[in-house]
Structures are given as structure tokens and as C-alpha cells.
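Worksheet for the structure shown next.
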Amino acid sequence: MAVQIQLRNDTAANWTSANPTLAVGELGVETDTDLFKLGDGSTAWTALGYGGVAGGFDSAQPIETVATSRALTSADAGKLILNSAAITITVEGLAVGQQVDFLQNAATQITFAAGAGMTLNSKGGNLLTAEQYSPAGVKCVATNTYVLVGDLGA
């Protein structure tokens, strides 16, 4: 007789919305991103980091192309976001240690703006990608405090 083991699973949006606390050693899988988190018995879902190599079951980083401005959420952690038009990314919604990468894939820039009550630091105060194919990354380094790094321009 075969034994089946099923892990707790749901979409990234549903995990974020419910924000449960996983038991010690309990795995939770995002069915739409293939990312997972390992519970410690006391930390809510949105504050847990993703596990595994590059945050998932394999070494592939999820890639999303964005054409409209939007705010970051914890579901974006670990992603590479490409722009297909001029967009503004409102920096908020990540837990400490979470990071999102960006690539200016279009000729138009990506603009970064701090969300309400957030601090966004970058070298020289630059908050725009420099030119097409410029990379950037946003990392939450403390509660409500983010660092923007990469090929940035004024």
C-alpha cells in the first residue's frame, strides 16, 4: 500500500491574505510560484523567508513582466520583475530580508517610490533605472526600511 504525503498548499495571494503561522517543520507551498516556506511555530507567513535553492524547488527565479505601476507585496519576494512600459514601483509590503529584482526591459525607465511610512535609501538618492537593460534590486533591511541598489540614474 502506497503512502501519500501532501504538503499544505495555496496560492501566494491566499497565503498572504490568511497569513497563518506554520507549525515547527511544517512546509507551506505556493502553488502558483512553486516557492515554499518552512514554519518555526511562531512566525507568521509574511514574515517567513522562502526556503530552498534560490527560494524554491529549483534554481529558476520567477519572472514577471509588468506594464502598469503597482506596489510591492510579499508575494513578489524572490521575483525578477521586467517592465514593458514606464512604471512606478511603490516600495512597501516586504518582510525583513525579502528582496525583489528588477530589469528595465523597455526603453522607458522604472521609477521607485517609498510607500507611506516607508524609508527607501539608495546611492545618491537615485530612484530610477538608468537605461534599457539596467538591473536594480530592492531589499527590506529592517522594518519599513528598504535599500535600492543597481544601475540607477537621476
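The values are calculated or read from the model by the stated rules, or taken from the named source; none is laboratory data. Everything numeric in this text was worked out from a predicted model, so none of it was measured. Quick reminder, even Gly has a Cβ in these numbers, built from the backbone with ideal geometry, and neighbours come from all protein chains shown. We work out accessible area using only protein heavy atoms, side chains counted, and drop any ligands, DNA or RNA first. Shrake-Rupley method; radii C 1.70, N 1.55, O 1.52, S 1.80 Å.
Annotations for the structure displayed:
- Breaking point among (1) among the hydrophobic types (A, V, I, L, M, F, W, C); (2) open to solvent by 70 Å² or more (accessible area, probe 1.4 Å); (3) under 19 Å from the mean Cα position of the chain (by Cα), for V3: (3)
- For region 8-26, the candidate set comprises residues that are in contact (Cβ under 8 Å) with a residue 24 or more places away in the chain and open to solvent by 50 Å² or more (accessible area, probe 1.4 Å); within that set, the residue that is farthest from G39 (Cα to Cα) is A13.
- Subset of region 103-114 (residues that are over 12 Å from L72 (Cα atoms) and part of a strand (DSSP E or B)): L103, I110, T111
- Residues that are open to solvent by less than 40 Å² (accessible area, probe 1.4 Å) and in a strand (DSSP E or B) within region 65-89 comprise V66, A71, L80, I81, L82, N83, I87, I89, listed in sequence order.
- Being in a strand (DSSP E or B) and of a type in the set (V, I, T) is a description that does not apply to V96.
- Considering residues of region 90-114 that are small (G, A, S) and surrounded by 16 or more Cβ atoms within 10 Å (Cβ to Cβ) only, the residue farthest from E30 (Cα to Cα): A106
- Total residues in region 115-149 satisfying the condition of being assigned to a strand (DSSP E or B) and either open to solvent by 50 Å² or more (accessible area, probe 1.4 Å) or among the hydroxyl-bearing types (S, T, Y) (or both): the figure is 10.
- Tallying residues that are free of Cβ contacts under 8 Å to residues at least 40 places away in the same chain, more than 20 Å from C140 (Cα to Cα) and assigned to a strand (DSSP E or B) within region 27-37 yields 3.
- Scoring G51 on the criteria (1) modelled with pLDDT under 85; (2) within 12 Å of the chain's Cα centre (by Cα) leaves a single failure, condition (2).
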